[in-house]
Structure formats: structure tokens, C-alpha cells
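Engineer: The structure under discussion is supplied below as C-alpha cells; questions concerning it will follow.
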Amino acid sequence: MTAKIIDGKAFAENLRISIAGHVARLKQEHEITPGLAVIIVGEDPASQVYVSNKTKQTAEVGMNSFKHELAADVAEADLLALVHRLNADPAVHGILVQMPVPKHIDANKVIEAIAPAKDVDCFTPANVGKVQIGLPGPVSCTPLGCLMLLRAELGSLEGRNAVIIGRSNLVGKPMMQLLLRDNCTVTVAHSRTQNLADVVRQADIVVAAVGRPQMVKGDWIKPGAVVIDVGINRVPAPHKGEGKTRLVGDVDTEAAAVHAAAITPVPGGVGPMTIACLLANTITTASLINGLVPPRDLTA
Ligand code: NDP
């Protein structure tokens, strides 16, 4: 078997077209222009690239994009004051603080300052709790993107054995909640899991979110499984003329593709879905803030 390669880039493009349609409807029917505010502290090059992609795509779907660039040595109190101002600004429906923030700032304090109604990253305890009990609201962007890809690939996920490798608050844990809500039988593996290969061999669905290049081997994959590779790892390029480094996932894609029914590539799989789901969450929060039901196709 050679697995279908799931084209996350194309899926995300289509999702953004759908999001642009929802933005146009909110404008026309309700006179609401969804607005996303992004705060970046310092000049970390990777963060700069992420933020510029986010602001560009926000504007492309017709939303208002508000970018706030703060110096690396900004006082924590000033950052918190900006978050409070954005919490109170009716033109802003989503607030994102690009992580990591410099060490002198307490990231948890910043996250907790964001009004849950505008927490499009789904970092605040209130929204984490809502995902757990199935109340409407934003959902962690990367797991939401993975869920959309899985549903598109498999239809109903009910009854399937899902193994998630990684238990971070950012990916593994919210992924567990979403797959449980879709009636999967979920196992969450982590660094202390025994016989990981055997655990993964039971999985109809594998979600790898570890941060270890190509750790998941081909012969761990059950024939016909769907594999979602969240990992983004920069490694030295193997051949001359391919640049110094390249990106690989947490799965040995080529070897896994021999067994899997479908697999996400790295790059071009889960990555593009994350920003698209940030925009989806902004539609969700803009809808809920205005007493509207969020569009079903953009939520979990
Ligand atoms: P974290 O470092 O927060 O979590 C990694 C998890 O992997 C931990 O739960 C850890 O277990 C587990 N782990 C580490 N080593 C092993 C091992 N040998 N066997 C089994 N489990 C192990 O990472 P994130 O969840 O934030 O990110 C994971 C990967 O996904 C990274 O490569 C990151 O860059 C990528 N990522 C990609 C995104 C995208 O948009 N595509 C978005 C977010 C992340 P323990 O808890 O026991 O330490």
C-alpha cells in the first residue's frame, strides 16, 4: 500500500475561502467585521515570520488585522495593560500573544489576562474547560486542524482507536478531548509510555506531536491507519544542493506511507491548518460575542 498524501495546504486554502464567505456574511447581514489583534514582543525571527503570515492571512479573508509590536524589554505591566485595552475594544474579537514571550514576562499571567471570549488560541483555563465539557467556543488551533483533516479523510471517527503521542497543553491534551468528543477510543502516549511501538500498532488513527525527528517508524503503523504528523523538526539536509537544513516531522513519512492509508506530509500537512484554524476561531468568537451561533463547519 502507498498512502494518500493529505494535502493540508490545499485544505487550508479551501478553509480560508469558506472563512472569507463567513466574513462577508457577518459584514452584510450583521454589520460585524471580525477583528484579530496580534501582539508580538521582541524580534525573534521565527515569531516575526509567524506573525506576518497571520496578519497577512487575516487581511486576505476580509477581517480587520491589528498588529502590536512591543520592544523585547517592555515591562510586563505595559503588556498586560495592552491586553486589557484590547479586551475592552469592541472592534477586536480575537487576541493572540505570540509565544514565547521574553523571560522577564510571566506567560501564564499574560494568557490569563486575555478575556476568554477573545482567546482565539484557546489557552485560557475557561476555554480549555469549555472544550472539555463540549461548550461552544474557540478550540486549540492545531488540534482543530488535525480534527478537520481526519474528518475529511475518514468521515465519522466513531469507534476508532486513536493513539496520540505527546501530552502537551498545546497539542496532545486538546487533541485527546476532540477525538473523545468524536467517539474515538483514545490513548495518550508520552515519554514514560512503555512499548510505544506496540501501542501505536493498535491505532487506526495516529497523531504524532512529540518534537523528535522521524521517531515514529514505518513498522509501527497498522495497515490502513491514518497518520497525522504534527511535528516540525529542522534537521541537516542529507544531500548537497538541498540547503543546509530541511524540515521533517515526527514520523518517518516514507516508511509509514508503505502501511498507512493516508498521511500528512511535513511541511504542507498540519502546519498550514493551524493559521487557518486561528481565523476560524476568530469567526467563532466574533459570532459568540454578538450572540450568533458560530458556523458549524469552522468548529469542533
Ligand atoms: P512539547 O515539547 O510541549 O510536548 C512533547 C510531548 O512529547 C510531551 O508530552 C512528551 O512527553 C512527549 N515525548 C517526548 N519524547 C517522547 C518519547 N520518546 N516518546 C513518547 N513521547 C515523547 O511539544 P508540543 O506538543 O508543543 O509540539 C510537538 C511538536 O509539534 C513539535 O515538533 C512542534 O514544533 C510541533 N508543533 C507543530 C504545530 C503545527 O502547526 N504543525 C503546532 C504546535 C506544535 P512528556 O509529557 O512525558 O514529557
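The values are calculated or read from the model by the stated rules, or taken from the named source; none is laboratory data. Values in this document were obtained by computation on a predicted structure and should not be read as measured data. Virtual Cβ from ideal backbone geometry, glycine too; neighbours counted across all protein chains shown. Note: areas computed on protein heavy atoms with side chains; ligands, DNA, RNA excluded. Shrake-Rupley method; radii C 1.70, N 1.55, O 1.52, S 1.80 Å.
Engineer: So who's got an amide H within less than 5 Å of the one on Ile32, skipping anything under 5 residues away but keeping other chains? H placed 1.01 Å off N, in plane.
Structural biologist: Lys27
Engineer: Does segment 30-116 come out rounded, prolate or oblate, given a ≥ b ≥ c as the square roots of the eigenvalues of its C-alpha gyration tensor, rounded meaning a/c under 1.5 and, failing that, prolate meaning a/b above b/c? Walk me through the numbers before you get to the answer.
Structural biologist: Details: a/c = 2.48, a/b = 1.34, b/c = 1.86.
Judged from the Cα gyration tensor, segment 30-116 comes out oblate (a/c at least 1.5, b/c at or above a/b).
Engineer: Hey, in the chain, which Cys have no second cysteine's beta-carbon closer than 4.7 Å?
Structural biologist: Cys122, Cys146, Cys184
Engineer: Considering only protein heavy atoms and a probe of 1.4 Å, how much of the accessible area of segment 141-271 is carbon and sulfur, as a whole percent? Don't skip to the end; give the middle numbers.
Structural biologist: Working: 2950 of 5970 Å².
Reported share for carbon and sulfur atoms: 49 percent.
Engineer: On to the next question. Restricting attention to segment 17-126, which GluC sites (Glu not before Pro) occupy a DSSP loop and are surrounded by at most 12 other Cβ atoms within 10 Å?
Structural biologist: Working: sites: Glu29, Glu31, Glu43, Glu60, Glu69, Glu76, Glu112; in loops: Glu31, Glu43.
Within segment 17-126, the qualifying GluC sites (Glu not before Pro) (loop, at most 12 other Cβ atoms within 10 Å) are Glu31, Glu43.
Engineer: What length, rounded to one decimal in nm, is gained on full extension from Glu242 through to Thr187, with 0.36 nm per residue of separation minus their alpha-carbon distance? Intermediate values should be presented prior to the final figure.
Structural biologist: Details: separation 55, 0.36 × 55 = 19.80 nm, distance 3.76 nm.
Contour length minus the Cα-Cα distance gives 16.0 nm.
Engineer: I've got another one for you. Would you grab the residues whose amide H sits under 5 Å from the one on Ile165? Only those 5+ places off in sequence or on another chain, please, with H modelled 1.01 Å from N.
Structural biologist: For Ile165, the qualifying residues are Ala189, Val207, Ala208, Ala209.
Engineer: Consider just the alpha-carbon atoms of the chain and return their Rg together with their Dmax, both in angstrom.
Structural biologist: For the chain, the Cα-based Rg and Dmax read 19.4, 57 Å.
Engineer: Between Ile6 and residues 5 or more places away or on another chain, which pairs have amide H atoms under 5 Å apart, with H built 1.01 Å from N, and which residues are they?
Structural biologist: Counting only residues 5 or more places away or on other chains, the set is Ile263, Thr264.
Engineer: With a cap of 16 neighbouring Cβ atoms within 10 Å, and only residues DSSP puts in a loop, list the trypsin sites (Lys or Arg not before Pro) found in segment 227-279. Could you put the intermediate results ahead of the total?
Structural biologist: Numbers: sites: Arg234, Lys240, Lys244, Arg246; in loops: Lys240, Lys244.
Qualifying residues, ordered by number: Lys240, Lys244.
Engineer: Ok, one more. Just to be sure I understand the rule: take each whole DSSP H helix in the chain, project its Cα atoms onto its long axis, keep it if the span is 15 Å or more and its mean Kyte-Doolittle hydropathy is at least -0.5. Which ones pass?
Structural biologist: 8-30, 76-88, 141-154, 270-289
Engineer: Can you tell me the mean projection area, over all orientations, of the convex hull of segment 141-271's alpha carbons? Units nm², please. Intermediate results must be reported in sequence, preceding the final value.
Structural biologist: Details: hull surface 30.7 nm².
Seen from a random direction, the Cα hull of segment 141-271 projects 7.7 nm² on average.
Engineer: By how many nm would the segment from Ala59 to Ala20 lengthen if fully extended, with 0.36 nm per residue of separation less the alpha-carbon distance? Working shown, then result.
Structural biologist: Numbers: separation 39, 0.36 × 39 = 14.04 nm, distance 0.98 nm.
This chain segment gains 13.1 nm when fully extended.
Engineer: How compact and how long is segment 17-69, expressed as Rg and Dmax of its alpha-carbon atoms in Å?
Structural biologist: Here Rg and the maximum Cα pair distance are 12.8, 40 Å.
Engineer: Just to be sure I understand the model, the point goes 7 Å from the Cα along the line to the Cβ. What's the resulting Leu80 to Val49 distance in nm?
Structural biologist: Taking the two extended label points, one gets 3.4 nm.
Engineer: 7 Å from Cα along Cα→Cβ at both Lys103 and Ala88: what's the point-to-point distance in nm?
Structural biologist: 3.4 nm
Engineer: Which whole number of Å³ per residue matches the convex hull of the alpha-carbon atoms in segment 184-241? All intermediate terms of the calculation are to be shown ahead of the outcome.
Structural biologist: Values: hull volume 6.5 nm³, N = 58.
Normalising the Cα hull of segment 184-241 by residue number yields 112 Å³.
Engineer: Defining a contact as two alpha carbons under 8 Å apart and six or more residues distant in sequence, what relative contact order in percent does segment 141-271 show? Each step should come with its number before you reach the end.
Structural biologist: Values: 284 pairs, mean separation 29.2, N = 131.
Across segment 141-271, relative contact order equals 22 percent.
Engineer: Still on this structure: State which entries of Lys56/Lys240; Lys217/Lys240; Lys27/Lys118; Lys130/Lys222; Lys9/Lys173 exceed 28 angstrom in Cα-Cα distance in the structure shown. Before the final figure, lay out each step's value.
Structural biologist: Numbers: Lys56/Lys240 34 Å; Lys217/Lys240 25 Å; Lys27/Lys118 19 Å; Lys130/Lys222 33 Å; Lys9/Lys173 24 Å.
From Lys56/Lys240; Lys217/Lys240; Lys27/Lys118; Lys130/Lys222; Lys9/Lys173, over 28 Å: Lys56/Lys240; Lys130/Lys222.
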